[in-house]
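Notes follow once the structure below has been shown.
The values are calculated or read from the model by the stated rules, or taken from the named source; none is laboratory data. Computed from a prediction, not measured in an experiment: that's the story for all the values here. As a convention, Cβ positions derive from the backbone with ideal geometry for all residues, glycine included, and neighbour counts pool all protein chains shown. For accessibility, only protein heavy atoms count, side chains too; no ligands or nucleic acids. Shrake-Rupley method; radii C 1.70, N 1.55, O 1.52, S 1.80 Å.
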Amino acid sequence: VAGRLTQEFNRPALVIERGTDVARGSARSIPAFNIVEALAAHKTFLTTYGGHAGAAGFSLDSARLDEFREALRGFAGSKLTAEDLRRELTVEAELAPAELSFDTIELLEQFEPFGIDNPKPEFLLRDASVESVQTVGQDGSHLKLLLTLPDGRPLTALAFGMADHVSAVGQGRQLDLVGHPVTNVFRTTKSVEWHVTDFRNRD
């Protein structure tokens, strides 16, 4: 949960289970904030802690949880700047439309499993034309885009949690997309699909 919060909001995140006597937590962070050093700076609150710059676990007396939380928030506020909290994307390479293939996907799968020390590679796909866009998912929080690539081939793209940006990706817009190709299987049909991490409107 902490990892998903950090990924979505680009903030250090701590998720804590508050027991009757002991509170146990898990932490994830961003490159600008070494989470295990932050915990070490507040070790007088903690019963145990350990981890590395990007991820850590800890425990403390439940009675001290509120005090610990306020101290750590103040510490983070003194260390982090607005620039630190800007989301950064590392793009491995630009993919040509012809490289959106099952062979490429199978090659990427050889680098799994992905995680903190082995992040999933993200790629740039330029100048995709939006043919249609719709919100999908039980709560309508995702976008499904039907695209035409510069060489004329069609591509379906899914942008998870990006329904708030629907007005920026309307029909006829030209987009640069950061994300990665995946294999979609519907009944007996396989196709290459693009999962969007971020996008830029070229208009």
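The table below gives the values:
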| read-out | value |
| --- | --- |
| In the stretch 161-171, residue most open to solvent (accessible area, probe 1.4 Å) [restricted to those that are part of a loop (DSSP other than H, G, I, E, B) and either in contact with a Ser or Thr (Cβ under 7 Å, 6 or more places away or on another chain) or closer than 20 Å to I105 by Cα (or both)] | Q171 |
| Subset of the stretch 1-53 that is part of a strand (DSSP E or B) and among the small types (G, A, S) - its residue that is farthest from D198 (Cα to Cα) | A23 |
| Qualifying residue in the stretch 81-104 (condition: outside any loop (DSSP other than H, G, I, E, B), over 30 Å from P150 (Cβ atoms) and over 22 Å from the mean Cα position of the chain (by Cα)) | no |
| Members of the stretch 140-160 found to be touching a Ser or Thr at 6+ places or on another chain (Cβ under 9 Å) and either within 17 Å of F123 (Cβ to Cβ) or of a type in the set (F, W, Y) (or both), listed by number | L145, L147, L149, P150, L155, T156, A159, F160 |
| In the stretch 109-143, residue farthest from S29 (Cα to Cα) [restricted to those that are part of a strand (DSSP E or B) and charged (D, E, K, R)] | E131 |
| Options L146, L155: the member that is within 20 Å of L175 (Cβ to Cβ), modelled with pLDDT of 95 or more and open to solvent by 40 Å² or more (accessible area, probe 1.4 Å) | L146 |
| Within the stretch 181-203, considering residues that are open to solvent by 50 Å² or more (accessible area, probe 1.4 Å) and more than 23 Å from the chain's Cα centre (by Cα), the one farthest from G161 (Cα to Cα) | T188 |
| Near pairs, Cβ below 8 angstrom, 6+ apart or cross-chain, from the stretch 99-122 (farther than 24 Å from L155 by Cα and aliphatic (A, V, I, L, M)) to any residue that is open to solvent by less than 40 Å² (accessible area, probe 1.4 Å) and in a loop (DSSP other than H, G, I, E, B) | I116/G54 |
| Filter result for A56 (under 29 Å from T197 (Cβ atoms), loosely packed, with under 13 Cβ neighbours inside 10 Å and not β-branched (V, I, T)) | no |
| Residue within the stretch 37-49 that is open to solvent by 50 Å² or more (accessible area, probe 1.4 Å), within 20 Å of D117 (Cβ to Cβ) and modelled with pLDDT of 95 or more present | yes |
| Pick from the stretch 20-32, criterion at pLDDT 95 or above and of a type in the set (A, V, I, L, M, F, W, C), ranking: surrounded by the most Cβ atoms within 10 Å (Cβ to Cβ) | A27 |
| Residue satisfying all of: in the stretch 1-19; modelled with pLDDT of 95 or more and β-branched (V, I, T); farthest from G77 (Cα to Cα) among these | I16 |
| All positions within the stretch 3-26 that are within 15 Å of G51 (Cα to Cα) and in contact (Cβ under 8 Å) with a residue 40 or more places away in the chain | G3, P12, L14 |
| The lone exception for F111 - which of (1) open to solvent by less than 90 Å² (accessible area, probe 1.4 Å); (2) more than 29 Å from D164 (Cβ to Cβ) it fails | (1) |
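Every residue, every condition in (1) touching a helix residue (DSSP H, G or I) at 6+ places or on another chain (Cβ under 9 Å); (2) open to solvent by 50 Å² or more (accessible area, probe 1.4 Å), yes or no:
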position: E92; (1), (2): no, yes
position: L95; (1), (2): yes, no
position: S101; (1), (2): no, no
position: E106; (1), (2): no, yes
position: L125; (1), (2): yes, no
position: T135; (1), (2): yes, yes
position: A159; (1), (2): yes, no
